[in-house]
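Have a look at the structure below, then the notes.
The values are calculated or read from the model by the stated rules, or taken from the named source; none is laboratory data. Computed from a predicted structure; not experimentally measured. Cβ placement follows ideal geometry from the backbone for every residue including glycine, while neighbour counts extend to all protein chains displayed.
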Amino acid sequence: MPYTPVQLFALVGDVARYPEFVPWITGMSVANDRVTAPGVDELDAEATVTFTIFSGTFATRVRRDANTHEIAVSLLKGPFRRLENRWRFVPHASGSVVDFSIDFEFASRLLDGLLAANMDHAVRRLIGCFEARAVELYGSGR
């Protein structure tokens, strides 16, 4: 992407603003923001999500490391058996390489099967939301 790691880290790390640009996140509350090391902080975030097939809330712990431009998210509670995702922003001559990974499993086999079948589409839509937000915040590129 044609943005610096610092810009992308700030965009993705600002979880309280997700309802402004991720249409299926209809609410977000953030609590317990704390510094855990120089350049590293953690917070707890509770998201309200509404999809066609799912509506509910889940809570995560978000660890933001400004030193490495990495954001790691892990499940605290919700309709998942497992949920972890990680963003990493690596400098590149034309901006940044965005490394995004997600690993999840819904407690409900039906939801898990439905989302797994549409996972590529869901991730593309999610990344598209962040790309559009980057353009809104930083313009069309460096």
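Given the criteria over 20 Å from Phe130 (Cα atoms) and among the small types (Gly, Ala, Ser), does Ala45 qualify? Considered against the rule, which asks whether it is over 20 Å from Phe130 (Cα atoms) and among the small types (Gly, Ala, Ser), Ala45 comes out as no.
For beta carbons closer than 8 Å, sequence separation of 6+ or different chains, a first residue in the stretch 121-141 that is at positive phi and a second that is in a loop (DSSP other than H, G, I, E, B), the qualifying pairs are Gly141/Pro2; Gly141/Tyr3. Among residues of the stretch 1-47 being touching a Phe, Trp or Tyr at 6+ places or on another chain (Cβ under 9 Å) and hydroxyl-bearing (Ser, Thr, Tyr), the one that is surrounded by the most Cβ atoms within 10 Å (Cβ to Cβ) is Tyr3. The single condition from (1) in a strand (DSSP E or B); (2) modelled with pLDDT of 95 or more; (3) closer than 20 Å to Phe21 by Cβ; (4) out of contact with any Asp or Glu (no Cβ under 8 Å at 6 or more places or on another chain) that Val97 fails is (3).
All of (1) farther than 13 Å from Val15 by Cα; (2) touching a residue at least 12 places away in the same chain (Cβ under 8 Å) hold for Arg34 with one exception: (2).
Looking at Thr68, Thr36, Thr26 in this structure, which one is of a type in the set (S, T, N, Q), in a strand (DSSP E or B) and more than 20 Å from Arg124 (Cα to Cα)? Full working, then the answer.
On the way: Thr68 fails: in a strand (DSSP E or B); Thr26 fails: more than 20 Å from Arg124 (Cα to Cα).
Only one candidate passes the filter, namely Thr36.
Take the residues in the stretch 48-58 that are hydrophobic (A, V, I, L, M, F, W, C) and out of contact with any Lys or Arg (no Cβ under 9 Å at 6 or more places or on another chain), then tell me which one is surrounded by the most Cβ atoms within 10 Å (Cβ to Cβ).
Taking the stretch 48-58 first, the residues hydrophobic (A, V, I, L, M, F, W, C) are 49, 51, 53-54, 58.
Now restrict to residues that are out of contact with any Lys or Arg (no Cβ under 9 Å at 6 or more places or on another chain): 49, 51, 53-54.
Working: Val49: 18, Phe51: 14, Ile53: 9, Phe54: 14.
Selected residue: Val49.
Within the stretch 54-64, which residues are part of a strand (DSSP E or B), touching a Phe, Trp or Tyr at 6+ places or on another chain (Cβ under 9 Å) and not basic (Lys, Arg)? Before the answer, list the steps.
First, pick out the residues of the stretch 54-64 that are part of a strand (DSSP E or B): 55-64.
After this cut, where a residue has to be touching a Phe, Trp or Tyr at 6+ places or on another chain (Cβ under 9 Å) as well, the list is 58, 64.
Passing the criteria: only Phe58.
If you go through the stretch 60-75 and keep only what is closer than 17 Å to Met28 by Cα, surrounded by 15 or more Cβ atoms within 10 Å (Cβ to Cβ), without any contact (Cβ under 8 Å) to a residue 40 or more places away in the chain and not polar (S, T, N, Q), you end up with Arg63, Val73, Leu75.
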